[in-house]
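The values are calculated or read from the model by the stated rules, or taken from the named source; none is laboratory data. Just so it is clear, the model here is predicted, and its values are computed rather than measured. Note that we place each Cβ from the backbone using ideal geometry, even for glycine, and neighbour counts take in every protein chain shown. Heads up: the accessible areas ignore ligands, DNA and RNA and are worked out on the full protein's heavy atoms, side chains in. Shrake-Rupley method; radii C 1.70, N 1.55, O 1.52, S 1.80 Å.
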Amino acid sequence: MALNLLDMGFKKDEIIFILIPNCAESYMIRLACEKAGILCLTSLMGLRESEIEYILKNFGISGMVIIPFFRNFDYYQVIRSMRQRLPELRHVFTIGDELFPDTVSINELMNYLGKNLDRLEDTRYKPEDVAIIALTSGTTGVPKVAEHVIAARITLGDSYHHRMRLTGDDIMLNVISAIAGLGAPVCYSSVREA
């Protein structure tokens, strides 16, 4: 998937806004972006039209990943209605089995094997790099962001694994957001056995 994003024209440090619930695709998209050197802007699913448009207009978003319909809210129609006002938004990706006009299916992106794997050595983020920009809540109504450095996530994940005495054979249910927040370190770091 990382190679396919590069083939679509994404450049290092461009931003993809990920607005999807906790799911397998969120994990795969984040890892693909990290390998391709694309920043992920993450958020929980409570955003509505005004917040989404503010983010898309003010954060220089080149791509966006959505679930078309979630909890009685039609994200696809919302993005479609504002797309002409967002010239920087080049690609909208959707998760799920249904195909939507003017979007790219994440399933299709995952199933197409890109070429020239060596390119990822040049684009992949290093541990000291920021790979995630997470939207945080606040009282002003204007979204704020927090940068997440890969090394901090790995270190925090290692401490979780050590404290819980996890091994490679353990199975863990992570019910808090893996796309942003405290669920991410557990999901995006590996158990290191002694």
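Things to note:
- Verdict on CYS33 being touching a residue at least 24 places away in the same chain (Cβ under 8 Å), in a helix (DSSP H, G or I), touching a helix residue (DSSP H, G or I) at 6+ places or on another chain (Cβ under 9 Å) and not charged (D, E, K, R): yes
- Residue that is nearest to the chain's Cα centre (by Cα) [pool: residues in the stretch 94-126 that are open to solvent by less than 70 Å² (accessible area, probe 1.4 Å) and free of Cβ contacts under 8 Å to residues at least 40 places away in the same chain]: THR94
- Condition check for THR123: in contact with a helix residue (DSSP H, G or I) (Cβ under 7 Å, 6 or more places away or on another chain), more than 15 Å from PHE17 (Cβ to Cβ) and β-branched (Val, Ile, Thr): yes
- Hey, ASP170 open to solvent by 60 Å² or more (accessible area, probe 1.4 Å), more than 19 Å from GLU14 (Cβ to Cβ), in a loop (DSSP other than H, G, I, E, B) and at pLDDT 85 or above or not: no
- Residue that is touching a residue at least 24 places away in the same chain (Cβ under 8 Å) and buried (at least 20 other Cβ atoms within 10 Å of the Cβ), where the choices are LEU44, LEU5: LEU5
- In the stretch 57-91, the residues that are open to solvent by less than 80 Å² (accessible area, probe 1.4 Å) and in a strand (DSSP E or B): ILE61, SER62, GLY63, MET64, VAL65, ILE66, PHE70, PHE73, ASP74, HIS91
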